[in-house]
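Trainee: For reference, the structure I am asking about is given below.
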Amino acid sequence: MLKNPKYVYKRDGRKVPFDRKKITTAIYKAAASCGGHNLELSKSLSNKVVEFLIEHFPQNTILTVENVQDVVEKVLIEEGRARTAKAYILYRHNRAETRRVKRETKRNLGNIPYDIIWRTLLWNVDYNVETVDKLNGWIKSGKFPELVSVCERSYEEQVDTIAREIVENSDKLRIVIVTGPSSSGKTTTTIKLRERLKNYGLKLVSLNVDSYFFDIELHPRDEYGDYDFETPEALDLNLVNEHLNKLLDGKTIQVPRYDFKTGHREKETDSLKLHKNEIILIDSLHGLYSQMTGNIPDESLFKLYIETLAQLKDREGEFVRWADIRMMRRMIRDKLQRSYDPIRTVGHWHYVRRSELKHIIPFIHQADYILNSALAYELPVLKHYLFKFFPEIIRTYRNEPGRQDAYFRAERVYKLLGALEEVTDDSPIPGNSLLREFIGGSIYQY
């Protein structure tokens, strides 16, 4: 057993004296944020933390800050201090975000506002689904359908809020843009938003910007010779702006049709005209990109940004990466709808991330509303569709020097999925669920 701890390793590698007063202070602050101000109780709880460290860590261990904080969470929960534990988890997350911002100062404009992240984490804690093991607990207990229900309700409530906000400003809005990174759920959200706004009596006209891709031979290519669909330069932005201005002027446009299987625009087009009291509704990956609506006044636009803001910790204590969830969604969709091998999707993902970091993330602050499309139940479902593919993906990219990003990403996701229970029966997932956009079985036509 560990003797009375004398030192602790900080995150920057420094070894500093162990100070139980800091544990007491952290517990007290967490309790105070919930209305509790009992210093003696905080001291008692911090003593229990130290006792646990002494009893469960080997002799001569030099603890890390993470070791200590993990035990604080454990003690608070086991002592029946759920509200304090929740506040402490939020405190840890807050500090982690502060450290990340210091490391990534240059990307400050691209950060999701912290209050949105905190509310998401709080929701996960409230529903006991902030860790992989707790998510597994829902499945093992046979309560997966209940989890699906609460997750779907949370998402639908967000869409309700957005619809009301648009209605309240409908006297000046001419264009509503639903935007976000790849596989965040833009298409389904757009459909649901249309349904709600129609119920409010608003007439909507959809403009599918994906129809404006250049023919594939005109797309940018990288050093490997692959076509890059992720950059906004793959879209005919001049034509997009021209058509938007014509629509706002009451003119008729000819919307192109794009065939993703051939990579070419078809000869046929679709006529589109914006009538009085109608609003243009756009679902676009690059809706926040300045050249997308460069000639449109800001007061005429409502910009909705969607991201998978999952707040789930893996067994290493790290939060699951949002982009990894979206990549898994896209792997399934690409396979089912575009006949792409999952190996290809993972290998192509560096384009997705490069374009997001350059053309999407820096403009998040321009959004009028940020919607969380992550569904706390979805990873065990995604595992059913994808887990078997990862060994081959890892083998494919392990020894390719130019694709080490794909190798490391595949290993990380494979490890995550390996820790999760698998859900093979997706029948509890409703036909109008956002997840159906990716796994199939949706009541909507995409």
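Trainee: Is it the case that some residue within the range 133-152 is closer than 30 Å to K303 by Cβ and touching a helix residue (DSSP H, G or I) at 6+ places or on another chain (Cβ under 7 Å)?
Mentor: There is no residue in the range 133-152 that is closer than 30 Å to K303 by Cβ and touching a helix residue (DSSP H, G or I) at 6+ places or on another chain (Cβ under 7 Å).
Trainee: Hey, another quick one. For the range 306-323, state whether one or more residues are assigned to a helix (DSSP H, G or I), assigned by TED's automatic domain parsing to the domain that holds K388 and over 24 Å from E168 (Cβ atoms).
Mentor: At the first step, the residues of the range 306-323 found to be assigned to a helix (DSSP H, G or I) are 322-323.
Still in the running and assigned by TED's automatic domain parsing to the domain that holds K388: 322-323.
Retained after the next criterion (residues that are over 24 Å from E168 (Cβ atoms)): 322-323.
Yes, there is a match, as at least one residue in the range 306-323 is assigned to a helix (DSSP H, G or I), assigned by TED's automatic domain parsing to the domain that holds K388 and over 24 Å from E168 (Cβ atoms).
Trainee: Next question. Among the residues of the range 340-364, how many are touching a residue at least 40 places away in the same chain (Cβ under 8 Å), under 20 Å from Y258 (Cβ atoms) and not aromatic (F, W, Y)?
Mentor: So the answer is 4.
Trainee: Right, here's the next one. Any residue at all in the range 281-300 that's more than 26 Å from D368 (Cα to Cα) and either crowded, with 19+ Cβ neighbours inside 10 Å or of a type in the set (A, V, I, L, M, F, W, C) (or both)?
Mentor: Our first condition is that a residue be more than 26 Å from D368 (Cα to Cα); within the range 281-300, this holds for none.
No, every residue in the range 281-300 fails to be more than 26 Å from D368 (Cα to Cα) and either crowded, with 19+ Cβ neighbours inside 10 Å or of a type in the set (A, V, I, L, M, F, W, C) (or both).
Trainee: So which of I394, I364 is assigned to a helix (DSSP H, G or I) and in contact with a strand residue (DSSP E or B) (Cβ under 8 Å, 6 or more places away or on another chain)? Quick ask: steps written out before the conclusion?
Mentor: Numbers: I394 fails: in contact with a strand residue (DSSP E or B) (Cβ under 8 Å, 6 or more places away or on another chain).
Just one listed residue meets the conditions, I364.
Trainee: Regarding the range 331-352, can at least one residue be identified that is closer than 21 Å to Y397 by Cβ, modelled with pLDDT under 90 and of a type in the set (D, E, K, R)?
Mentor: There is at least one residue in the range 331-352 that is closer than 21 Å to Y397 by Cβ, modelled with pLDDT under 90 and of a type in the set (D, E, K, R).
Trainee: Can you find a residue that is touching a Lys or Arg at 6+ places or on another chain (Cβ under 7 Å) and not β-branched (V, I, T) anywhere in the range 305-317?
Mentor: no
Trainee: Which ones in the range 386-406 are aromatic (F, W, Y) and surrounded by 20 or more Cβ atoms within 10 Å (Cβ to Cβ)? Show your work before the answer.
Mentor: Let us first name the residues in the range 386-406 that are aromatic (F, W, Y), namely 387, 389-390, 397.
Selection gives F390, Y397.
Trainee: If we scan the range 24-33, do we find a residue that is touching a strand residue (DSSP E or B) at 6+ places or on another chain (Cβ under 8 Å), surrounded by 12 or more Cβ atoms within 10 Å (Cβ to Cβ) and closer than 29 Å to W123 by Cα? It would help to see each step written out before you state the result.
Mentor: We begin by selecting, within the range 24-33, every residue touching a strand residue (DSSP E or B) at 6+ places or on another chain (Cβ under 8 Å); these are none.
Within the range 24-33, not a single residue is touching a strand residue (DSSP E or B) at 6+ places or on another chain (Cβ under 8 Å), surrounded by 12 or more Cβ atoms within 10 Å (Cβ to Cβ) and closer than 29 Å to W123 by Cα.
To keep it simple, each residue is scored yes or no on (1) under 20 Å from P430 (Cβ atoms); (2) in the same structural domain as A310 (by TED's automatic domain parsing); (3) outside any helix (DSSP H, G or I).
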{"site": "R119", "(1), (2), (3)": "no, yes, no"}
{"site": "V125", "(1), (2), (3)": "no, yes, no"}
{"site": "K134", "(1), (2), (3)": "no, yes, no"}
{"site": "V148", "(1), (2), (3)": "yes, yes, no"}
{"site": "C151", "(1), (2), (3)": "yes, yes, no"}
{"site": "Y155", "(1), (2), (3)": "yes, yes, no"}
{"site": "Q158", "(1), (2), (3)": "yes, yes, no"}
{"site": "D171", "(1), (2), (3)": "no, yes, yes"}
{"site": "V176", "(1), (2), (3)": "no, yes, yes"}
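Quick grid of which residues meet (1) modelled with pLDDT of 95 or more; (2) assigned to a helix (DSSP H, G or I):
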| site | (1), (2) |
| --- | --- |
| K383 | yes, yes |
| A406 | no, yes |
| E411 | yes, yes |
| V423 | yes, no |
| S433 | yes, no |
| Q445 | no, no |
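Trainee: For the range 24-46, which residues satisfy the criterion of being of a type outside the set (G, A, S) and under 22 Å from L90 (Cα atoms)?
Mentor: Applying the first criterion (of a type outside the set (G, A, S)) to the range 24-46 yields 24-25, 27-29, 34, 37-41, 43, 45.
T24, T25, I27, Y28, K29, C34, H37, N38, L39, L41, K43, L45 - these are the residues of the range 24-46 that are of a type outside the set (G, A, S) and under 22 Å from L90 (Cα atoms).
Trainee: Of the residues that make up the range 45-54, is at least one in a helix (DSSP H, G or I), among the polar types (S, T, N, Q) and at pLDDT 85 or above? Break it down into steps so the answer makes sense when it comes.
Mentor: The initial filter retains those residues of the range 45-54 that are in a helix (DSSP H, G or I), namely 45-54.
Still in the list and also among the polar types (S, T, N, Q): 46-47.
Imposing the further condition that a residue be at pLDDT 85 or above reduces the set to 46-47.
Scanning the range 45-54, I find at least one residue that is in a helix (DSSP H, G or I), among the polar types (S, T, N, Q) and at pLDDT 85 or above, so the answer is yes.
Trainee: Here's something else I'd like to know. Could you tell me which of the residues L45, L90 is of a type outside the set (K, R) and closer than 26 Å to P113 by Cα?
Mentor: On the way: L45 fails: closer than 26 Å to P113 by Cα.
Of the residues listed, the single one that is of a type outside the set (K, R) and closer than 26 Å to P113 by Cα is L90.
The values are calculated or read from the model by the stated rules, or taken from the named source; none is laboratory data. Just so it is clear, the structure is predicted and the values come from calculations on it, not from any experiment. All Cβ positions, even for glycine, are placed from backbone atoms using ideal geometry, and neighbour counts span all protein chains on display.
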